[in-house]
Amino acid sequence: MINMLDTVLTIAATDSSNGAGTTADLATLNFFGVYGVAAITAVTAQNLNEVLAVKPVKNRIFTKELQALSADSMPKIKVIKLGLIPNEKILRTTVTFIREQKKLNPDILVVWDPVAVAGTGGELSEINYSLWLHIILPLVDVFTPNLNEALALCEGFEVDTSGLKNCMDSLTQLSLYFRKLGAGTVYLKGGHLPALINEDEKTAKGRSSKQGVSEFEKLTSYIYDVVVSGENNDVYYFGCGRFAGASNSTGVHGTGCIMASAVAAMLAKGYNAVDAIAYAKAYMTRGIENSVDVGARSRLFRHGYINNSEMLQYFPYMARTVSELELICNPAENTGFAPCAHDLGLYPVVDSSEWIGILCENGVKTMQLRIKKPESSEQLEQEIAKSVKLCEKYGARLFIDDYYELAIRHKAYGVHLGQEDLIDAKLNPIREAGLRLGVSTHGYAEIARACLLKPSYIALGHIYPTGSKVMASRPQGPSKLADYVALVDPAYPTVAIGGIKLHNLGDVKSSGVGSVAVITAITAAPDPAAAVREWLDAVGAGSSDPAVKTERRGRTVKKTSSGSETGVSKSRTVSAKKTGTGRSASAAGTSAKERARRKSRSVKTEKTSEDNA
Ligand SMILES: Cc1ncc(COP(=O)(O)OP(=O)(O)O)c(N)n1
Ligand SMILES: Cc1nc(C(=O)O)sc1CCOP(=O)(O)O
Ligand SMILES: [Mg+2]
């Protein structure tokens, strides 16, 4: 269903082939359930081989289009997406229009895809954008150049392709150039990177990393996009497999337009820029892998929006550091964390062993010790040791928040880490000790990062406003919670957290989430023991853990068919259902490496008979 109030205006040219331009933009917006309107800047005659003609519309007509679309009789525009602008006259009118619109509605967002050359090679615009960057970029909230476009706009910049780390640093510097000129979020798409790698580096396959994957392989087998966003120039690396099916063509027609429209749609739906990019990227991967070869130089993208576990296989991975990004290149070594029950039940989060005792005595089977201000390191360690003993006695699962080294030392059941914690945490010792890992997420991008780490569960927060923690993000609400659960379940157990009380529990449970984490609903209750019992009645204590088969806490190590070791037993897999007609590109086009990676995304937990009881 299209929400007519989430309106996106695309300012772009037509494409007679409908692969790119305004019609592709409108198709994309439609699939995302937002309402699209268009102001045409030029008419182009194109097919999947070439651009035959570009005819700019008269500036007078273009001005009227904008006037018509901004009239009171139209839904309010939430996002403006800029595509092909053929000449300076149209660009000037566009800049004036955006300034006026931002004055009337400061919340309006602008996405700019700097189209200058068609994917098939034809020149589309006569504008020298380098001269305009300082005027346009301060008006732009999300800037989406591909690497070729970015390099054309930053004359003299050379990408350092000598290894993944240097390359990512270099792409970050390039993104920062646009940020300094005023762009909001910069989303630099790295698909064209292999073309920049020189002959010496191609033959330097011997320069292998310690994992045995050469730097050349790392740079060419996967696509890395760099996103720089926020006041502190936070860097996000998005990585995904390379679609091999497009290698002997100019690729899939219109992907730049479709990507920018997908981002615009997600912004109109209220997602932040980084989450919008994460989901839009999944949409792109799905459409590219199912693209159709009609015997032309470029392929036809296949649209289609879904939001459930089928989409997970197309999701990018997100990393905050290059060493995290390396996990993408070494799927066989990225074995994931020990599994836990799919349904963890009521999951109180408390700050002392005294509370842990109360929870254990009243039948809680999953809990977390979260001490934010320990009196001393000795007191902290004693509290952890005492809590572990209590939980062992009562057969309860104890996760330790933040202090993973102490959790390992005292053999806790698991560890819970947030996105910031993950930047410095050493994950290998946690994995090797067989402890479970729970990871906090607050939207699609963080879910994409969690999936890269293959944790034991994924926490989804914060659902409602909470007084227990200062949050950087907005409350997600039960509807987004349901979307996130649909995406990651059954691959990962899910835990909802943040502002959950008995009065909103019904909506939380309707999302299908496997566990409910609460602080104040129990710790601030007048009679905490009674509150625990009431919550246990409402949520349950969860199910038993998967069978314990190895030396410590049940990590069943199996060989996959590809021969790599995984830390989980695979009882179910999330299968890709191929949609529509025509030749599906997936089987033919997806590289063996990518298929292996997909395989490693199969279901993370075992569903025991108790799970289904
Ligand atoms: C179950 C669960 N979910 C989320 C959190 C929050 O963890 P984090 O983001 O690391 O924040 P702090 O709790 O450390 O403030 C959690 N603790 N438990
Ligand atoms: C510790 C914590 N983490 C959150 C997240 O979203 O990551 S919300 C939260 C506080 C939860 O407390 P209450 O149940 O009192 O709202
Ligand atoms: Mg933390």
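For segment 34-77, the tally of residues that are assigned to a helix (DSSP H, G or I) and without any contact (Cβ under 8 Å) to a residue 12 or more places away in the chain stands at 5.
Whenever a residue of segment 434-445 is farther than 17 Å from L369 by Cβ and among the aliphatic types (A, V, I, L, M), its partners that are in a strand (DSSP E or B) and more than 15 Å from ligand 2 (Cβ to nearest atom), lying with C-beta atoms within less than 8 angstrom and at least six residues away or across chains, give the pairs A445/Y236; A445/M318. Scanning segment 74-90 for any residue that is closer than 14 Å to G21 by Cα and of a type in the set (D, E, K, R) turns up at least one such residue. Does G434 satisfy the criteria of being assigned to a strand (DSSP E or B) and out of contact with any helix residue (DSSP H, G or I) (no Cβ under 9 Å at 6 or more places or on another chain)? Spelling it out, it is not the case that G434 is assigned to a strand (DSSP E or B) and out of contact with any helix residue (DSSP H, G or I) (no Cβ under 9 Å at 6 or more places or on another chain). Cβ-Cβ distances below 6 Å connect the following pairs, each with a first residue in segment 297-314 that is part of a loop (DSSP other than H, G, I, E, B), a second residue that is among the acidic types (D, E), and a separation of six or more residues or different chains: N307/D483.
Kindly indicate whether Y271 is closer than 25 Å to N233 by Cβ, out of contact with any His (no Cβ under 8 Å at 6 or more places or on another chain) and part of a loop (DSSP other than H, G, I, E, B).
yes
Taken over segment 465-492, the criterion of being within 11 Å of ligand 1 (Cβ to nearest atom) and either of a type in the set (K, R) or touching a strand residue (DSSP E or B) at 6+ places or on another chain (Cβ under 7 Å) (or both) is satisfied by K469 alone.
Residue-wise test of (1) in the same structural domain as H342 (by the TED database); (2) within 16 Å of ligand 3 (Cβ to nearest atom); (3) of a type in the set (K, R).
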| residue | (1), (2), (3) |
| --- | --- |
| I423 | yes, yes, no |
| R431 | yes, no, yes |
| H442 | yes, yes, no |
| A486 | yes, no, no |
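For segment 140-165, filtering for residues that are assigned to a helix (DSSP H, G or I) and crowded, with 19+ Cβ neighbours inside 10 Å leaves 5.
Do we find a residue being within 14 Å of ligand 2 (Cβ to nearest atom), under 28 Å from the mean Cα position of the chain (by Cα) and assigned by the TED database to the domain that holds V495 anywhere in segment 371-391? Checking segment 371-391: not a single residue is within 14 Å of ligand 2 (Cβ to nearest atom), under 28 Å from the mean Cα position of the chain (by Cα) and assigned by the TED database to the domain that holds V495. With respect to the conditions (1) of a type in the set (G, A, S); (2) surrounded by 20 or more Cβ atoms within 10 Å (Cβ to Cβ); (3) without any contact (Cβ under 8 Å) to a residue 40 or more places away in the chain, A450 falls short on a single one, namely (3). The residues of segment 386-407 that are assigned to a helix (DSSP H, G or I), of a type outside the set (S, T, Y) and within 16 Å of ligand 3 (Cβ to nearest atom), listed by number, are E405, L406, A407. Being away from ligand 1 (no atom under 16 Å from the Cβ) and farther than 23 Å from R431 by Cβ holds for only one residue in H503, H462, and it is H503. Pairing each residue of segment 416-428 that is in contact (Cβ under 8 Å) with a residue 40 or more places away in the chain with any residue that is outside any helix (DSSP H, G or I) and among the hydroxyl-bearing types (S, T, Y), provided the two are 6+ apart or on different chains, yields C-beta distances under 7 Å for Q419/S440; I423/T321.
Within segment 481-500, residues that are in contact (Cβ under 8 Å) with a residue 24 or more places away in the chain and over 24 Å from P465 (Cβ atoms) reach partners that are within 16 Å of ligand 3 (Cβ to nearest atom) and part of a strand (DSSP E or B) with beta carbons closer than 7 Å, at six or more positions or on different chains, in the pairs Y492/Y457; Y492/I458; P493/Y457.
The values are calculated or read from the model by the stated rules, or taken from the named source; none is laboratory data. All of these numbers come straight from a predicted model, not from anything done at the bench. With ideal geometry, Cβ positions are generated from the backbone for all residues, glycine too; neighbour counts draw on all protein chains shown.
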